[in-house]
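*Asks:* Take this structure, written in structure tokens, and hold onto it; I'll ask about it next.
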Amino acid sequence: MLEIVLTREDANTEYALLAEWLVEDRSDVTAGQPVCVVETTKATVEVEAPGDGTLVQLYGEEVEVELGKTIAYVAQSAEELAEIDEKAEAAPAPRAPAGDRKATRKAVELAELHGVDLASIAKRGFITEADVEAAIAAHKSSAAPTTGSLLAGVSAEGVSLPSTFDVQGGELDPAFLQSLDHAAFRALAPAEKIESLREAGATIGDGVDLGEGSLVVAPRIVLEDGVHLGPRATVICEEVVAIGELSQFGPDLELRCRRAYLGAGIWGGRSVRIGGGGWRDPWATLAIGDLAFVGDEAFVNVCRPVLVGREVFLTMRSLIVTHNIGHSILEGFENRFAPVVLEDRAQVGLGAVLYAGVRIGREAIVASNSYVVGEVPAGAFAIGVPAKATGSSSHKLSDARRADLARRFVDDLHELLALRGHAVSAIVDDGFEVEGTRVAFTQSYRGGVDAPAVVLTLDVRGDVPDGVAVIDLVDRRVHGSGGVVLDSVREFCRKRGIKLEPGPWSYPGGLI
């Protein structure tokens, strides 16, 4: 007799779903004839009969089967058929597999297409296409929009959503939107644009600057204090645009989306483009967390949700796509629509491409010019085409090494200020004076520092008197207050990846 065995082709997959029998039990089959459809997390395949004979099924449809197991026999004689029946009577019923839940490839594709979080489907064993269809139907029947519905079910785990995500107000008068002449609005002076939007109902804070030739249009607009959009910015959103305080973008920003929620303290370069095909789609939601960096000429396609966490670096000319364009799916070509998620403090290198469905874990780094098509684990360093995790994004420092690196900040800052033409004293006891203020490093601050001073430290244990500012480089926090020297030291730290609280904060100018 011949056996039909589910062969293992992937070391990471232990079970498959026997999705459908194409031939009735006890029917005659011929060699090479497709007899069943099997789905794994990687693929859907038809299994063929190994020879002529009578097919005897050992499992029903929609059943999980451990890879390596026999799912059917092909009996080539009456004697073999009788032998199979005897084995079936003696064999125990197959056990349900234990362990983590899996989803078939079709289920994954359907979930990505409709933004369904598979973790939200409560089921033991394989999640099937039918399970996802049921979740979609339940989602459509839910009434009030929630965070989950705005994100189309995409998991925000590991992502600090911006406070603007829950912002209220800012609804514009529909008559204003209907009558708005885009060219005429662009021609207005920046102050006139702000006044016009406020009168129409937009919520616009103090110190907001809309550059020459810029355009901001949406049914709901919220721009918090200090937002700056450079010259020739184009912001057109179908439902809402909300930008947190002190966020700024350079010239020629293009932001087109159904919903855009940008956090506080974001720095965006010139010619940043957000939108592309499908920007009006119901799932086109963009959320960028506080203190994120978006480099020059970065491109983000948003036909499906794009979540960018807090302190994420999306560097120059990096590219995010949430769908591909190609030949017909009915001819076997891929046609993919899926969200992209960058968890907090992830970094994407110059010219890197993130394909639809990608998730970059917290503090993971994608190397420049890499092409990412899957998940990058938290804390990993990924490189290549396609990108693969080859190591860790950071390494643990000893206390002595951390103290040595922090102590060098004083030397580097001293050199920078001197080259800038500022009068600085010689370095004595890990410190120097500039503008009448002492700048120094101590491994553990315990007080006893005379004002005015700015102290860099790895540990704060003492009181901070008036006129003294203490910067905790490990906890990334400023204690106390100061003037131009503190601002300059804080900017120096920011350029070394140390973004300090309280925030958001922007450099008002100073010594560097």
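The values are calculated or read from the model by the stated rules, or taken from the named source; none is laboratory data. Predicted, not measured: the structure shown is a model, and the values here were computed from it. With ideal geometry, Cβ positions are generated from the backbone for all residues, glycine too; neighbour counts draw on all protein chains shown. All accessible areas refer to the heavy atoms of the entire protein, side chains included, with ligands and DNA or RNA removed. Shrake-Rupley method; radii C 1.70, N 1.55, O 1.52, S 1.80 Å.
*Asks:* Right, residue 291: buried (at least 24 other Cβ atoms within 10 Å of the Cβ) and either touching a strand residue (DSSP E or B) at 6+ places or on another chain (Cβ under 7 Å) or touching a residue at least 24 places away in the same chain (Cβ under 8 Å) (or both) or not?
*Replies:* yes
*Asks:* Within the range 248-292, can you find the residues that are within 25 Å of residue 502 (Cβ to Cβ) and touching a helix residue (DSSP H, G or I) at 6+ places or on another chain (Cβ under 9 Å)?
*Replies:* Passing the criteria: 261, 262, 263, 264, 287, 290.
*Asks:* Which one is least open to solvent (accessible area, probe 1.4 Å), of the residues in the range 34-61 that are under 14 Å from residue 15 (Cβ atoms) and out of contact with any Ser or Thr (no Cβ under 7 Å at 6 or more places or on another chain)?
*Replies:* Per the stated criteria, the residue is 38.
*Asks:* All but one of (1) open to solvent by 70 Å² or more (accessible area, probe 1.4 Å); (2) under 26 Å from residue 341 (Cα atoms); (3) in contact with a Phe, Trp or Tyr (Cβ under 9 Å, 6 or more places away or on another chain); (4) of a type outside the set (Ser, Thr, Tyr) hold for residue 395; which doesn't?
*Replies:* (3)
*Asks:* From the list 65, 45, pick out the single residue that is in contact (Cβ under 8 Å) with a residue 40 or more places away in the chain, assigned to a strand (DSSP E or B) and not hydroxyl-bearing (Ser, Thr, Tyr).
*Replies:* The match here is 65.
*Asks:* Any idea which residue in the range 134-164 is surrounded by the most Cβ atoms within 10 Å (Cβ to Cβ), counting only those that are at pLDDT 75 or above and not aliphatic (A, V, I, L, M)?
*Replies:* 162
*Asks:* While we're here: Restricting the search to the range 329-346, which residues are open to solvent by 40 Å² or more (accessible area, probe 1.4 Å), modelled with pLDDT of 85 or more, farther than 23 Å from residue 296 by Cβ and not hydrophobic (A, V, I, L, M, F, W, C)?
*Replies:* Matches in the range 329-346: 336 only.
*Asks:* Could you check the range 413-454 and list, in sequence order, the residues that are acidic (Asp, Glu) and either in contact (Cβ under 8 Å) with a residue 12 or more places away in the chain or surrounded by 13 or more Cβ atoms within 10 Å (Cβ to Cβ) (or both)?
*Replies:* Residues satisfying the conditions are 430, 433, 435, 450.
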